[in-house]
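Values quoted throughout were computed directly from the atomic coordinates according to the rules given, and no laboratory measurement underlies them. Just so it is clear, the structure is predicted and the values come from calculations on it, not from any experiment. So basically every Cβ, Gly included, is an ideal-geometry build from the backbone, and we count neighbours across all protein chains shown.
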Amino acid sequence: MEYSDNVTILKDGERTFYIIGTAHISAESVAEVEQVIEAVRPDTVCVELCQTRFNALTDEKRWQKLDIFKVIKEGKTLFLLANLAISAYQRRLGAELGVKPGAEMLAAIKKADEYGAKVELVDREIAVTLKRTWRNVGFFKKFALLGAILEGMVRRKGVGTEEIENLKQQANLSEMLNEFARVMPEVKKSLIDERDKYLMSSIEDAPGKKIVAVVGAGHVSGMKEVFGKPVDRKILDQLPPKRRYLSLLKWLIPALLVAAFFVGYSKHEGESVGEMLKAWILPNSIFCAVLTAAAGGKLLSIVIAFCASPITSLNPLLGAGLVVGLAEAWFRKPTVADCERINDDVQSIRGIYKNPFTRVLLVAVAATIGSAMGAWIGLAWVSWIVAA
């Protein structure tokens, strides 16, 4: 069989590796994966999946098992919402092209089963990848990253089959990845470079003499560079240590506020206490309540946001998003049917607001952001009163 430019063949002694670079929403990629496996009859088929992503592709009832209260208590609302946004973008493009995201991975697994080949999941766990990425990104770039994710979620620009296939070409990929590295190197390092090493190392450890690996086309170039080189995957599986100053930063606002009240009380002999309380409470309450309302929170959730934010801003262990999110979940009571519609509903802003489950996530995140904004503005206002 004559292979296309999307197939890279690497040799290591008696072992041969067939690396297929795919687009995750390409019908051509699905067909090529099937053809290569049929021609090679490999001992092992490796797919660019971790156990979590494999379960997401194969377990259609996974949303039924999701506990919204547990998600909020564990502080995973933003993580889940971002994950849904990325998934929605892929599904929307896939729907336009008539291909289910991850179809080439499922095709590889099915063909491997047909020919009795062993299947290996060779990617790093997605939770580790996202956490390493998030911790490596600076404060302001976090907002840029979130903005890009949300833009992809609501963007309606269509992408044609030809454009998808062009993105698999090495010249186009190199140009795109170079630009990505220039704009946001912290993201590229953990999202692409580290996974290039992880994928290639895992594939080289796979059993058999003939191995077919199905990976995103963007990884192939980096994988070729590290082929045959030692990689310590245990290090790549570790989460970077939490920066100590971030833990201390949580207590910065309460500490500064207490100090401001003490100085203000001493300086003005207690006359400014009422003004300082107002300066602290109003921004906290208003910003948290307004953003909760903008996210479509229930009236009682808005009231709770208004009352809770000035208090939770003083306690780093108890966020407004936790309190308001749990209240919203209790009022809305998302059902199994709501969970089953998530993949369809998250493809539009209207759907996100309509689905009780995603509405709860949105309200919890909005309350968190509103409370944080209010706290900093409140602290600045109190400081201005003290300085006056």
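On the basis of the beta-carbon distance and an R0 of 45 Å, CYS307 and ASP205 show a calculated FRET efficiency of 0.20. Using the Cβ-Cβ distance between VAL273 and LYS131 with R0 = 51 Å, the FRET efficiency computed as 1/(1 + (r/R0)^6) comes to roughly 0.75. Computed from the C-beta positions of TYR3 and ASP344 and an R0 of 51 Å, the FRET efficiency is 0.85 to the nearest 0.05. Residues whose amide H comes within less than 5 Å of that of ASP123, counting only those at least five positions distant or on another chain, are LEU49, CYS50 (H built at 1.01 Å from N in the peptide plane). Modelled spin labels at TYR353 and TYR265, positioned 7 Å past Cα toward Cβ, are 4.5 nm from each other.
P(r) for the range 246-387, from all Cα pairs and a bin width of 10 Å, is 13, 36, 27, 15, 7, 2, 0 %, short bins first. Say the cut-off is 26 Å between C-alpha atoms; which of LYS131/LYS197; LYS189/LYS224; LYS209/LYS229; LYS110/LYS354 go over it? The answer is LYS110/LYS354. Local charge for PHE227 was computed over the other residues whose Cβ lies under 11 Å away, with Lys and Arg +1 and Asp and Glu -1, and equals 0.
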